1. Here are a few candidate values for log10 I(q)/I(0) by the Debye sum over Cα atoms at q = 0.14 Å⁻¹: (1) -0.59; (2) -0.52; (3) -0.65. Which one was actually calculated from the structure I just gave you?
2. Note down the magnitude of the dipole of the chain about its Cα centre, charges +1 on Lys and Arg C-beta and -1 on Asp and Glu C-beta and zero elsewhere, to the nearest 20 debye.
3. Rank the residues Thr96, Thr9, Thr80 as a footprinting-exposure proxy: fewest other Cβ atoms within 10 Å of their Cβ go first.
4. What are the ³J(HN,Hα) values, in whole Hz, obtained from phi via the Karplus relation 6.51 cos²θ - 1.76 cosθ + 1.60 with θ = phi - 60°, for each residue of the stretch 45-53 in sequence order, with x given for Gly and Pro?
5. With contacts defined as alpha carbon pairs under 8 Å and 6 or more residues apart, what's the relative contact order of the chain in percent?
6. Below 14 angstrom from the Cβ of Ala26, what's the summed charge of the other residues (Lys, Arg +1; Asp, Glu -1)?
Amino acid sequence: MLSILHRATGVFLCLGLALLIYWVVAIASGPECYASFARIAGSWFGALVLLGFAFSLLFHLANGVRHLVWDLGRGLDLPTSAASGWTVVAVAALGTGLVAIRLFGGA
């Protein structure tokens, strides 16, 4: 399941790159264009997409580190592999929670 999620988050990060490009182009295009982007990004749907992007980034990063450890020949036994999988999920969930607090907690 984590392997599928790793691939899905990779795809979502590629789609997020398009949003990043849209953001940069909106900034470069002037205040009216950026206001349009900010309105979309500030909506509930935009916030959901940003949190999804944050989760994808954190999950993909943590799972990538997990795979690098595996490449060293460590953590390949089943109990350690299961524990590291849960750790990856926890890191991504807690990190996304911190991003949500930072985005919405201070408002």
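Every number here is computed from the coordinates shown, using simple stated rules; none is lab data. These figures come from a predicted structure and were not determined experimentally. A quick note on method: Cβ atoms are made from the backbone with ideal geometry, for glycine too, and the neighbour counts reach across all protein chains shown.
1. Of the listed options (1) -0.59; (2) -0.52; (3) -0.65, (3) comes from this structure.
2. On the way: 5 positive and 3 negative charges, 14 e Å.
Dipole size: approximately 60 debye.
3. Values: Thr96 19, Thr9 22, Thr80 13.
Listing Thr96, Thr9, Thr80 from fewest to most nearby Cβ atoms yields Thr80, Thr96, Thr9.
4. 5, x, 5, 5, 5, 5, 5, x, 5
5. On the way: 56 pairs, mean separation 32.1, N = 107.
The value is 30 percent.
6. Numbers: positive: Arg39; negative: Glu32.
Combined, the nearby Lys, Arg, Asp and Glu give 0.
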